[in-house]
Amino acid sequence: MKRTLILIFACIALTVQAQDSTRTLRFGYVNYDSVLTSMPDYALCQKQMADLRAKYDAEQKRAEDEFNRKYEEFLDGQKEFPPTILRKRQTELKELMERNIAFRQEGLDDLRQAEAGLMAPLRQRLSDVLAGLARERGLAFILNTSVNAVPFIDPAQGVDLNQPAIDALK
């Protein structure tokens with residue numbers, strides 16, 4: 001009987017303690033994209049990406065110009081070419097077009113990888129700052145409001161970390 005009473009009181013104590021801990025659960029919220037774009041190094045990363053994009057665009061333009069020049073030459077001479085030369089030129093144009101398409105896709109992949117590589121240190125630094133702010137303020141978690149996944153946050157219940165994060169990243 002005593003064991004049963006002790007067990008019941010222990011369960012009640014644990015339930016009360018669990019309810020108290022959920023009442024004191026605090027969270028923060030931040031617009032991750034906004035804070036990320038406010039970082040001083042973000043503009044430098046964007047400039048580097050723009051420069052790299054311009055190089056790929058220039059090469060793509062050069063390849064397109066070469067294809068267009070060869071295609072015009074083909075059109076101008078196709079009536080005079082013997083069948084063997086005509087097939088050879090058609091094959092060359094087809095291969096050139098396929099290489100240009102492959103280059104464009106590889107370029108897009110390279111740009112995505114370059115952007116991920118440039119942004120990784122910024123994202124890591126932002127994550128470290130947010131983790132530090134959360135620990136410092138006793139927050140259980142931080143919500144990212146960038147993607148509108150959280151349509152409403154009661155400011156009395158959560159802690160706005162936008163400005164503190166921006167200040168810490170300067």
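Derivation of every value follows stated rules applied to the coordinates shown; laboratory data play no part. None of the values given here were measured: they were computed from a predicted structure. So basically every Cβ, Gly included, is an ideal-geometry build from the backbone, and we count neighbours across all protein chains shown.
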**Request:** As a check on your grasp of the helix formula, calculate [θ] at 222 nm for the chain: sum -39500 (n - 2.57) over DSSP H runs of n ≥ 4, divide by the residue count, round to the nearest 500.
**Result:** -27000 deg cm²/dmol
**Message:** What distance in nm separates the two pseudo spin-label positions at Q90 and F74, each 7 Å out from Cα along the beta-carbon direction?
**Reply:** 1.0
**Request:** Would you please give the FRET efficiency between R137 and D51, computed as 1/(1 + (r/R0)^6) with r the Cβ-Cβ distance and R0 = 30 Å, to the nearest 0.05?
**Result:** 0.15
**Message:** Quick check: convex hull over the Cα atoms of the chain, volume per residue in Å³, rounded to an integer?
**Reply:** 210
**Prompt:** Considering only L25, A165, M49, whose Cα is most displaced toward the positive end of the charge dipole of the range 2-169, charges sitting on Cβ of Lys, Arg (+1) and Asp, Glu (-1)?
**Reply:** L25
**Among R137, R87, R26, residue whose mean-square fluctuation peaks in a GNM of the chain (springs only between Cα atoms under 10 Å)** = R87
**Request:** Multiply the residue gap between D41 and K61 by 0.36 nm, knock off their C-alpha separation, and tell me the result in nm, one decimal place.
**Result:** 4.2 nm
**Request:** List the aspartates and glutamates whose Cα lies under 19 Å from the Cα of K88, skipping any in the same chain that are fewer than 8 positions away.
**Result:** E66, E72, E73, D76, E80, E98
